[in-house]
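Student: Structure in structure tokens, see below.
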Amino acid sequence: MLYKLSRNTFIREYGPYTYIQNIRSGSDVMFKDAACFFKWLTRTPTDKDEILRKIKTEYDVSVSEIENDLNSLIGPLIAQGWILAGINGNEIDTQDKTDFSYAEMTGQSDEDVSIIAPSVYKTMPQCILGDYFHQHPTLFDLQLDITQACTERCIHCYVPEYAPLFLSYEAVRKVICEFREMGGLQISFSGGECMMHPEFDKMLRFAREQDLIVTVLSNLTLCDEAKAALLKECSAFVQVSLYSMNPKIHDGITQREGSWNKTKSAIERLHAADVPMRISCPTMRQNFDDYLDVLKYAEGLHISAQTDFIMMAKADHDKSNLDNRLSLEQTETLLKKIVNENIPAESEYFDPKHKDDLKSPEERAEEPLCGAGVDKLCLNANGNYYPCSGFQDYPVGNCFEQSLRNVWENSPRLKHIRGLRGKDIPKCIHCKNRNYCSMCLVRNFNETGDMLKVADHFCRVAELNREVVEAYHMNLRRKA
């Protein structure tokens with residue numbers, strides 16, 4: 001019997017954990033102390049007996065015991081098509097033709113893509129990895145802003161300028177190789193508008209050749225049939241913003257007439273090609289009443305979608321874009337709509353016990369303050385690395401002067417951020433709104449110039465969030 005990974009399955013080892021992600025189903029799974037069973041599985045068919053012999057060199061147990069353990073671990077993964085098994089290469093290749101399909105998402109539930117197996121973690125893998133990465137910073141995700149040029153001029157954007165600056169293919173190739181060598185898994189291409197880069201196609205293909213999961217953050221205004229075919233070829237995941245189902249409102253936000261038609265047509269082109277996507281609908285004053293129509297549109301196509309009303313200042317601390325941010329009155333209205341209409345009643349978001357079980361002030365004081373620089377890094381078109389999206393005025397290294405590993409392991413600024421704890425912002429530790437807040441260093445930094453000085457707007461939004469949820473609970477008690 002021969003085994004190999006499906007082209008949609010990716011395996012990485014992080015300390016004692018074996019992390020497995022399948023991009024066709026969008027699911028992941030994790031095992032502990034099982035590396036010896038998985039490290040022999042590659043994209044080349046390998047004989048089961050050879051795998052057993054290799055495992056036997058590491059353990060002084062019988063081959064039959066090893067085989068039983070191997071079967072229990074990979075059996076469910078074979079059943080799901082994550083690992084392929086066959087008597088010859090042709091039989092395996094025949095199986096390895098299943099790609100993501102929107103048609104299959106109709107009526108799909110979480111159980112349809114679950115993995116049930118001995119030794120598998122029941123806790124969400126991201127939670128386990130998050131805890132591990134905070135203790136052992138590990139570069140898991142890399143975002144490449146390969147150009148500052150863009151086809152749009154969105155009124156809320158945090159990018160301060162749209163200079164025709166392009167990161168060279170040679171620099172991108174070098175960084176990708178360093179990232180892969182460090183065990184990285186997910187790579188994102190962004191900008192500006194990344195499809196404006198003359199060597200975008202080469203970059204995408206090279207990233208996929210390096211066995212990386214590829215995401216493209218794009219407005220899709222340049223996504224023609226050739227680009228759609230490229231995204232399909234590279235098994236890329238696409239994230240795109242659609243601001244309204246009203247062309248005038250969308251085009252008013254992008255400040256480019258005709259952009260709605262280009263973006264919407266490209267979304268439907270990618271949908272027809274079965275390219276997985278997420279539609280984002282950032283909500284601001286101009287499209288305050290429009291996000292539900294966008295979410296309904298996405299739902300009709302079985303595309304995941306989300307709205308977000310949290311807007312940050314520009315990366316150079318210019319706050320002019322915040323003129324488009326929702327007023328507090330609008331924010332309260334939107335929160336009520338989201339809480340009362342869009343969040344399932346059984347969600348832990350509404351569970352008072354869950355809120356009460358969160359960290360005490362004393363525990364919170366010693367908790368890491370931010371996830372920036374813990375598992376992700378960004379690179380902009382001038383070669384500067386920075387901790388996370390929007391944190392571009394806080395460079396931590398440069399790809400032309402240092403290796404990626406050197407930046408990740410030795411940057412004083414990254415070490416500073418990783419070392420920050422809750423006690424570094426004392427006002428947040430005892431705040432009654434702390435469980436309804438998503439305090440963010442880069443939002444603070446861009447708006448106030450000091451990452452440890454919380455922007456007042458976000459405090460007031462957290463208070464509104466708490467009041468809306470508490471009113472929801474009170475209403476439920478009245479009905480009971």
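The values are calculated or read from the model by the stated rules, or taken from the named source; none is laboratory data. What you are looking at is a predicted structure, and each value in this text was computed from that prediction instead of being measured. As a convention, Cβ positions derive from the backbone with ideal geometry for all residues, glycine included, and neighbour counts pool all protein chains shown. The accessibility values were calculated without ligands, DNA or RNA, using every heavy atom of the protein model including side chains. Shrake-Rupley method; radii C 1.70, N 1.55, O 1.52, S 1.80 Å.
Student: Of everything in the range 446-456, what is surrounded by fewer than 19 Cβ atoms within 10 Å (Cβ to Cβ) and at pLDDT below 95? Give them in sequence order.
Tutor: The answer is Asp456, and nothing else.
Student: Also: Can you list the helices (runs of 4 or more DSSP H) lying wholly within the range 218-319 that have 1 or more residues being over 24 Å from Met203 (Cβ atoms)?
Tutor: Here the list reads 247-254, 259-272, 291-300.
Student: Counting only residues that are assigned to a helix (DSSP H, G or I) and charged (D, E, K, R), which one in the range 51-64 is nearest to Phe10 (Cα to Cα)?
Tutor: My answer is Lys54.
Student: Then there's this: Restricting to the range 174-196, name every residue that is open to solvent by 10 Å² or more (accessible area, probe 1.4 Å) and of a type outside the set (A, V, I, L, M).
Tutor: Result: Lys174, Cys177, Glu178, Arg180, Glu181, Gly183, Gln186, Ser188, Ser190, Gly191, Gly192.
Student: Name every residue in the range 271-311 that is farther than 16 Å from Glu104 by Cα and small (Gly, Ala, Ser), in order of residue number.
Tutor: Result: Ser280, Ala305.
Student: May I pose another question? With the condition kept exactly as written, say whether any residue in the range 199-207 is open to solvent by 60 Å² or more (accessible area, probe 1.4 Å), of a type in the set (Lys, Arg) and closer than 30 Å to Ser27 by Cβ.
Tutor: The answer is yes, given that some residue of the range 199-207 is open to solvent by 60 Å² or more (accessible area, probe 1.4 Å), of a type in the set (Lys, Arg) and closer than 30 Å to Ser27 by Cβ.
Student: Counting only residues that are within 28 Å of His156 (Cα to Cα) and open to solvent by less than 40 Å² (accessible area, probe 1.4 Å), which one in the range 390-405 is nearest to the chain's Cα centre (by Cα)? Quick ask: steps written out before the conclusion?
Tutor: So in the range 390-405, the residues within 28 Å of His156 (Cα to Cα) come out as 390-398.
If we keep only those that are open to solvent by less than 40 Å² (accessible area, probe 1.4 Å) as well, we get 390-391, 394, 396-398.
Numbers: Gly390: 15, Phe391: 17, Tyr394: 21, Val396: 21, Gly397: 23, Asn398: 23 Å.
Looking at the filtered set, the residue picked out is Gly390.
Student: Within the range 237-249, does at least one residue satisfy the condition of being open to solvent by 30 Å² or more (accessible area, probe 1.4 Å) and closer than 21 Å to Ser25 by Cα? Give the derivation first.
Tutor: First pass over the range 237-249, keeping only residues open to solvent by 30 Å² or more (accessible area, probe 1.4 Å): 237, 239, 241, 245-249.
This time we only want the ones that are closer than 21 Å to Ser25 by Cα, so: 237, 239.
Within the range 237-249, one or more residues are open to solvent by 30 Å² or more (accessible area, probe 1.4 Å) and closer than 21 Å to Ser25 by Cα.
Student: Tell me which residues, restricted to the range 208-229, are among the β-branched types (Val, Ile, Thr), touching a strand residue (DSSP E or B) at 6+ places or on another chain (Cβ under 8 Å) and open to solvent by 10 Å² or more (accessible area, probe 1.4 Å). Quick ask: steps written out before the conclusion?
Tutor: From the range 208-229, those among the β-branched types (Val, Ile, Thr) are 213-216, 221; that's our starting set.
Next, from what is left, pick out any that are touching a strand residue (DSSP E or B) at 6+ places or on another chain (Cβ under 8 Å): 213-216.
Those that are among the β-branched types (Val, Ile, Thr), touching a strand residue (DSSP E or B) at 6+ places or on another chain (Cβ under 8 Å) and open to solvent by 10 Å² or more (accessible area, probe 1.4 Å): Ile213, Thr215.
Student: Now a separate question. With respect to Ser168, determine if the residue is at pLDDT 95 or above, under 19 Å from the mean Cα position of the chain (by Cα) and open to solvent by less than 60 Å² (accessible area, probe 1.4 Å).
Tutor: no
Student: Another one. Residue check, Tyr162 against (1) in a loop (DSSP other than H, G, I, E, B); (2) at pLDDT 95 or above; (3) open to solvent by 30 Å² or more (accessible area, probe 1.4 Å); (4) not aliphatic (A, V, I, L, M), all met but one. Which one?
Tutor: Result: Tyr162 fails condition (2) only.
Student: I would also like to ask the following. Which pairs turn up if I take residues in the range 80-91 that are within 13 Å of Thr44 (Cα to Cα) and in contact (Cβ under 8 Å) with a residue 24 or more places away in the chain and look for partners that are hydrophobic (A, V, I, L, M, F, W, C) and open to solvent by 20 Å² or more (accessible area, probe 1.4 Å) with beta carbon separation below 8 Å, at least 6 apart in sequence or on another chain?
Tutor: Close Cβ pairs (under 8 Å, with a partner that is hydrophobic (A, V, I, L, M, F, W, C) and open to solvent by 20 Å² or more (accessible area, probe 1.4 Å)) amount to Leu84/Ile78; Ala85/Met1; Ala85/Leu2; Ala85/Ile78; Gly86/Met1; Gly86/Leu2; Asn88/Leu2; Gly89/Leu2.
Student: What about Lys336, is it charged (D, E, K, R), surrounded by 13 or more Cβ atoms within 10 Å (Cβ to Cβ) and at pLDDT 95 or above?
Tutor: Values: charged (D, E, K, R): yes; surrounded by 13 or more Cβ atoms within 10 Å (Cβ to Cβ): yes; at pLDDT 95 or above: no.
For Lys336, the condition - charged (D, E, K, R), surrounded by 13 or more Cβ atoms within 10 Å (Cβ to Cβ) and at pLDDT 95 or above - is not met.
Student: For a quick check of your reading of the model, give me the residue pairs whose first member lies in the range 433-445 and is closer than 18 Å to Lys376 by Cβ and open to solvent by 50 Å² or more (accessible area, probe 1.4 Å), whose second is modelled with pLDDT under 95 and among the acidic types (Asp, Glu), with beta-carbon atoms closer than 7 Å and at least 6 apart or on different chains.
Tutor: Note: no pairs meet the criteria.
Student: If I filter the range 239-255 for residues that are within 27 Å of Thr42 (Cα to Cα), of a type in the set (Val, Ile, Thr) and touching a residue at least 12 places away in the same chain (Cβ under 8 Å), do I get at least one hit?
Tutor: No: zero hits.
Student: Sticking with this structure for a sec: Kindly indicate whether Ala149 is within 21 Å of Gly390 (Cβ to Cβ) and surrounded by fewer than 17 Cβ atoms within 10 Å (Cβ to Cβ).
Tutor: No, not satisfied.
Student: Mind checking whether some residue in the range 174-197 is over 27 Å from Ile310 (Cα atoms), without any contact (Cβ under 8 Å) to a residue 40 or more places away in the chain and part of a loop (DSSP other than H, G, I, E, B)?
Tutor: no
Student: What tally of residues in the range 1-32 results from selecting those that are within 18 Å of Pro76 (Cβ to Cβ) and of a type in the set (Asp, Glu)?
Tutor: 1
Student: Name the single residue that is nearest to Ile87 (Cα to Cα) among those in the range 1-50 being assigned to a strand (DSSP E or B) and open to solvent by 40 Å² or more (accessible area, probe 1.4 Å).
Tutor: Here is the first cut: in the range 1-50, the residues assigned to a strand (DSSP E or B) are 2-5, 9-14, 17-22, 27-32, 46-47.
Next cut, open to solvent by 40 Å² or more (accessible area, probe 1.4 Å) only: 13, 32, 47.
Numbers: Glu13: 28, Lys32: 29, Asp47: 9 Å.
Here the residue is Asp47.
Student: What's the number of the only condition in (1) assigned to a loop (DSSP other than H, G, I, E, B); (2) among the aromatic types (Phe, Trp, Tyr); (3) open to solvent by less than 20 Å² (accessible area, probe 1.4 Å) that Trp408 fails to meet?
Tutor: For Trp408, the exception is condition (1).
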